[in-house]
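Note sheet for the following structure.
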Amino acid sequence: MYVESFPQFSEWFLPGLLLFLAVILSGAVLGLFFGYLVAAFRHGPFEAFYVVAQVVAEAVPDFLHTSPRRVVAMARLAIKEALRRRVVLVTFAIFALTILFGSWFMGGGSEKPEQIYVNFVLWGTQMLVLLMGLLLSAFSLPDDIKNKTIYTVVTKPVRSTEIILGRMLGFATVGTLLLVLMGLISYFFVWRSLDHSHLLVGPSQTVAAFTAVDTETQRSTVTGKRVSQNALYEAATTRDNDHWHRLEIIADVRSAEDPKPDSQDVIRTIKRADGKIEYQRVMCLPVGNHTHPVTVTGEGDNAQITLGNSVGYFRARVPIYCSQLTFYNREGSPSKKGTNVGKESKRRGYVDGGSASNRSTLSRATFSFDNVRENRFPDLDFVPLDLTLGVYRSYKGDIEKRVIAGLQFESIADKPDVENKFISEVIEFETNEFAVQTLPVPKKIVGRVVAPDGSLVEEGAYDLFDDFAGENGKLLIVLSCRDINQYIGVGKSDAYLRGQDQAYWWNFLKGYIGIWCQLMIMIALGVALSTFLGSPLVMLSAVAVMIVGFNSVFIRKLAEVDEQGNLINEQGGGPIESFVRVVTQQNTMVELDTGFFDTIIEKLDYLLVSMLQMLTYLAPNFGQLNFSNYLVHGYAVDNNQLLIGIATTGAFLMGLTLLGYFCLKTREIAK
Amino acid sequence: MATDTPAPSPPSESTQTPGRLEQSNPDYDPNVVIEAQNLTKIYRDFWGRQKVRALNALDLEVRKGEIFGLLGPNGSGKSTTIKLMLGLLFPTSGRAIVLGQNATDVAKNERIGYLPEESYLYKFLNAEETLDFYGRLFDIPAKVRKERVQELIQLVGLEKAKRRQLREYSKGMTRRIGLAQALINDPELILLDEPTSGLDPLGTRDMKDMILKLRDQGKTVVMCSHLLADVEDVCDRIAILFQGDLKEMGRVDSLLKVSGETQITAENIPESAHEEIRQLIAKHGGQNVVVDNPRTTLEDLFLNIVRESEDRPGMRPAGAAAEKKPSSDQTH
C-alpha cells in the first residue's frame, strides 16, 4: 500500500461538499424527471405535474416534522426485531467460534504474527458485521410489507422519514453494540495470543547457558549470521509461539565518570586496565517487531536471567510526511519526475549518481517538511527517519555492495534574501534497497551557516530543531546518490520522519471506526434499497455495490479514458472490443479493421466504460474506510483520512435516507 | 343511487385540533367525517396495463357518530375503499377527504384507529409491547400511555396472555389485540376491516357490543364485512358495493322495512285462539295469514347456552332452550 497524496480534511471538505450537493441536485432533477415520466404514464401529462408537485410539497413538512420520539419508537422495534430474530446471536456465535479456534491455524512460523492476527480479526469482524447489517436491513422492510404489518404502522401518524430513520437507527445501534463487543474481544484475543515469554536453552537460567562468540569471524555459531558489535557471548531461548530469540552479552564500555547504564540487564561489571568500566549486558535480539526485556537478578555467574513479556508488537507509528518533493536533474534545474530510467516505477523518481566522465552531478531529491517541532518526536537522542529507497543499477558492479546515498539537512528561510541558512554536511549511508530502513538522525548535526549571498558565516554543530527547523519549523532534507552510474528511486511516501508513537488502543479504535462507517453505509443502503426492492434483490444489489465499493480504485483505473475516449491502461479495448478479439482470435496489439462495426464497438465501449466510471463514484468507496492496512503494518491511522471517511459516510447516509424516503413515499403500501 | 337522512349525530365537542382543510375550506362541514368524491381505483400491472377496476366513481359521506357499514361480496371494493381512506392506496382519480384532510396526509392518522382485515402485528412482540409500541407513535404522555395499555388489555380480555409473544396467539386473541391497538389513541374515527372474521360467536358478540359502545361514546365507526347478520346488528347506515360500483346506500332500518306487511307478537295465546285471530284478520281483508311460534336466531340460542353454562357448569338437558319460552306467538 502506498499513499501518494494526503489531502487535508480542511482542504478536502469544501470541494467535497460542493460535489455532494451537485450529486444530490442532479439526483433530485433526475428523480423528478423519472417521477414525472411514471406519473405521466399513469395519470396523463397534466395530472402528473400535480402529482410530482404534491410529493415535493409534502416532503418539506415530512422532514421538518420528523419526530425524534417516533424515530426512537421505530428504532426500539428494529432493535427488538434484530435481537429476537437471532441474526445478531448467530453472527456473534460465528465470531466467537472463529476466535476460539482461529489461533490454531494462524501465526505458525511467521516473524510478524501480529500482522496475521490483526488482519484476521479486522477482516473477520468487517465481513461478519457487514453481512449482518445487510441481512438485518434487507429483510426488515420487505418482510413488513409482505406480512402487511406495515399497514398498522403507516396508519398511525408515522412519516416515511421516521420509518427509514428509525430502522437505520435501530440496526445501527445493534450493529454498534455488537462491533464494540467484537472489538473488545478481538483486542483481548490478539493481546492474549501474542503475549509470551521464553526460557534460556542450557543447563540453567544463568550465564552458563551462553557460549563465547568467535571474535575472528564475528559470526554466530547458532545461525551463522554476523553478531552485533561488541558481542562477547551468545545463547538461544526456547521455542515459544513458533519462534525463538538469540541472546547476546555485549560489552558496554564507558569511562569512569559516565553514569551507569540505567537498566537491569547488567550481568558483570569489569574495571579495565585503561581505567574505563566495561558493563556486560544481556540483550535479547528482536524477532520481527518484538523483543523481550531482560532482567538480571544478582551479579556474576549465579545471576538469574529472566526474559519479560513480549514488547513491540503493538505499535502505531506516526509518519510525518514531507509537504513537497522536488527533483533536480544533473544540471541542477528542477524536473518533475527526476531522471528517467525507463518504466521502473510510476510513482518513484530517480536521482542520478553521475557518470565516470562527469562525476559532478547536481541531481538530487529534496523533501520539504513543515511543522518539525521537538514535541512531535519521541524522547530519544535522535529523530528516526524511515526510508524505503529503490535502486536502479546501470552497471552490475559488486552485487553484494549496497549503493551509497547521501543526506543533507537545510533550513528553509521565510525570507531567503535576509536570513542566514543552515546547511549540514552530507551524511552518507548504505541503502537498504526496496525495504524500510530507519536512519537515526542526530539532534546535533555538524554543518555551516551561510549568508544570503552564499558566503560562509560560521561552522559548527547545530541543533536540528532549534537551528535547522528554526522558528518556522520548516526543514529541507536533500537526498543524493553517491555512487556513479547508479540511480536511487524515491517517491513522496518513501521518506518520512517518525513522530511520537500513538497509543495502540486509540489506533485500534480508529480501525474499528472505519468498519463502523462501512456498517452504517451498508445498513443505510439495505434500508434504502428495501423501500422499493424485495429482499433477494436488495441482497444482490447491496453485495454488488459492496464489491464495486471495495474495488473502486481498481475499477476506476480499469476504466480510465483519455481525452479522445481511449482506454489508457488496457490494451485490446473495452469489454465489447475484448470480446470481439476473443471470438475472432485477434491479439491485443493488432488494430481492429476500421469500419462501421468498429466505430459502433468503440462508441458502445466508451458508453460502458463511462457508466462503469460513474458507478465507482456512486458506490461508496469501502476501500477508503478500510484502515486495516495501517493497523496491520503498525502505523497510526491518519486523522485526515479518518475525518474524510466519517464525512463521506455522513454524505452517503444523507443521500440514502433521501432515496429511501422518496421511494417509500411514492409507493403504494397496500396491494 | 339511494340516499337517506343520516343518523343524527350526538352533540360532542371535539378536543382535537381541526385539520388544515377545516381551517381553510369554508364548505367544510365538521359533521362529515369521511367524504369520497368520484373515488376510482384501477389496479395496474408492472407495465401500466389495467388489471382490474376495483372501485368506480364512488361518492360517499360518513357523518359523525354513526356506524357505517360497507357491504358486498368478496372483491366488491370494500377493502379498497377503506385502504383509500387510510392512504394505503392512492386513488387513480377522485379524492378522499378524511376528518377534513386529504387521505394521504399523515396528520389525520392522529385521530384514526384501524383494524386491518387480519391483524397484521409484529409476532415477536408480546401484547404489552405491541400496545406500547403503537402508543409511542402518538403524542401521548408516557404515564397515560402505560395506563391505557393496561386498560385496553383488560378491555379485550388478554390479561392472562399479555406477556406471551403474539406468535403464540390464537386467531381470536390476535383479533382482540388488533382491536386494542386500533383504540390506543382513543380515536375519533375507527375503520374496521372485517372486524368479526375469525371470531367465535361469543367474540363476535363482544366485538359488536364494543362497536356499539364506541358509537355511544360519540365515535364514528366504518366497518366493512360480508357477514350480513353482523352488519344488520350494529350498523346505522350501510352501502352495498358490487364489482366496484355503489349499488345501494341508506339507513338499515328503512332499507329492511317491508312495507305492506304487519307483524304482531304476543305471549300466552292458546292454540285455540289462533283460528279466531285468523278469522279476524280475514275479516279486515288481510291475506296470506301465518300464525305460529317465532324462531329465535342460532346466535341467540348459542349465546344463551354459553352464558347459562358459565353460571351452572355441568351437563345440561337437551332441548332446554326450546322449553324456556314456549308460549310466544307470532302472526304475520
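The values are calculated or read from the model by the stated rules, or taken from the named source; none is laboratory data. The shown structure was predicted, so the numbers you read here are calculated from the model rather than taken from an experiment. Here the Cβ is made from the backbone with ideal geometry for all residues, glycine too, and neighbour counts use every protein chain on show. Keep in mind that these areas ignore ligands, DNA and RNA; they rest on the heavy atoms of the full protein, side chains included. Shrake-Rupley method; radii C 1.70, N 1.55, O 1.52, S 1.80 Å.
Under 5 Å from the amide H of A:Tyr462 lie the amide H atoms of A:Ile445, A:Val446, A:Gly447, each residue being 5 or more positions distant or on a separate chain, with H modelled from the backbone and absent for Pro and chain starts.
Mean sequence separation of contacting Cα pairs (under 8 Å, at least six apart), scaled by the length of segment A:319-499, corresponds to a relative contact order of 35 percent. Across the cross-link table entries B:Lys257/B:Lys283; B:Lys51/B:Lys78; B:Lys123/B:Lys247, which are compared at the Cα atoms, the separations over 27 Å belong to B:Lys123/B:Lys247.
For A:Lys343, which lysines qualify as cross-link partners when the Cα separation must be under 30 Å and same-chain residues fewer than eight apart are set aside? Partners found: A:Lys396, A:Lys401, A:Lys492, A:Lys557. Here the 3J(HN,Hα) profile of segment A:544-553, calculated from phi with Karplus coefficients 6.51, -1.76 and 1.60 at θ = phi - 60°, is 4, 4, 4, 5, 4, x, 6, 10, 4, 5 Hz, Gly and Pro shown as x. Loop-located trypsin sites (Lys or Arg not before Pro) across segment A:338-396 with a Cβ neighbour count of 15 or fewer within 10 Å are A:Lys343, A:Lys346, A:Arg347, A:Arg359, A:Arg373, A:Lys396, with loop assigned by DSSP.
The accessible-area ordering, largest first, of the residues B:Tyr114, A:Tyr328 stands as A:Tyr328, B:Tyr114, per a 1.4 angstrom probe. When the Gaussian network model of chain B links Cα atoms closer than 10 Å, the mean-square fluctuations of B:Lys208, B:Lys219, B:Lys160 top out at B:Lys160.
Under 17 Å between alpha carbons, and skipping anything fewer than 8 positions from A:Lys421 in its own chain: which lysines qualify? Cα-Cα hits under 17 Å: A:Lys444, A:Lys474. Straight-distance candidates among the aspartates and glutamates for linking to A:Lys80, with alpha-carbon spacing under 12 Å and chain neighbours fewer than 8 residues away dropped: B:Glu129.
The GluC sites (Glu not before Pro) of segment A:1-105 that DSSP puts in a loop, and whose beta carbon has at most 10 other beta carbons within 10 Å, are A:Glu4. Let me know the shape class of chain A, please: from the alpha-carbon gyration tensor, a ≥ b ≥ c as square roots of the eigenvalues, rounded when a/c is under 1.5, otherwise prolate if a/b is greater than b/c, or oblate. Verdict is prolate for chain A. The listed residues A:His65, A:His243, once ranked by accessible area (1.4 Å probe) with the largest placed first, stand as A:His65, A:His243.
For the listed peptides A:451-459, A:221-229, a ranking on the average number of other beta carbons within 10 Å per residue, highest first, reads A:221-229, A:451-459. Rounded, prolate or oblate for chain B? Axes are the square roots of the Cα gyration tensor eigenvalues, ordered a ≥ b ≥ c, and the cut-off for rounded is a/c under 1.5. Because a/c hits 1.5 or more and a/b fails to exceed b/c, chain B counts as oblate. Mean-square fluctuations from a GNM of chain B, with a 10 angstrom spring cutoff on Cα atoms, peak among B:Val32, B:Val291, B:Val156 at B:Val291. Using a Gaussian network model of chain B in which every pair of alpha carbons under 10 angstrom is joined by a spring, one finds that among B:Ala282, B:Ala127, B:Ala107 the greatest mean-square fluctuation is at B:Ala282.
Computed from backbone phi with θ = phi - 60° and the Karplus coefficients 6.51, -1.76 and 1.60, the 3J(HN,Hα) list for segment A:248-262 is 10, 9, 10, 8, 9, 8, 9, 6, 4, 7, 5, x, 5, x, 8 Hz; x is used for glycine and proline. For the residue pairs A:Lys148/B:Lys171; B:Lys64/B:Lys160; A:Lys156/B:Lys162; A:Lys112/A:Lys510; B:Lys108/B:Lys171; A:Lys665/B:Lys108, alpha carbon separations beyond 24 Å are given by B:Lys64/B:Lys160; B:Lys108/B:Lys171.
Cross-link check: pairs A:Lys146/B:Lys41; A:Lys271/A:Lys443; A:Lys346/A:Lys443 evaluated at a Cα-Cα cut-off of 29 Å; pairs beyond the cut-off: A:Lys271/A:Lys443; A:Lys346/A:Lys443. For the segment A:57-64, counting C-beta atoms of other chains within 10 Å of every residue's C-beta and taking the mean gives 1. Under the combined filter of DSSP loop state and at most 12 neighbouring Cβ atoms within 10 Å, segment A:578-671 retains these GluC sites (Glu not before Pro): A:Glu591, A:Glu668. Listed values for segment B:164-177 are Karplus-derived 3J(HN,Hα) couplings in whole Hz (6.51 cos²θ - 1.76 cosθ + 1.60, θ = phi - 60°), namely 8, 5, 5, 5, 8, 7, 7, 4, x, 5, 5, 5, 5, 5, and x replaces Gly and Pro.
The mean number of Cβ atoms from other chains found within 10 Å of a Cβ in peptide A:153-166 is 5, as a whole number.
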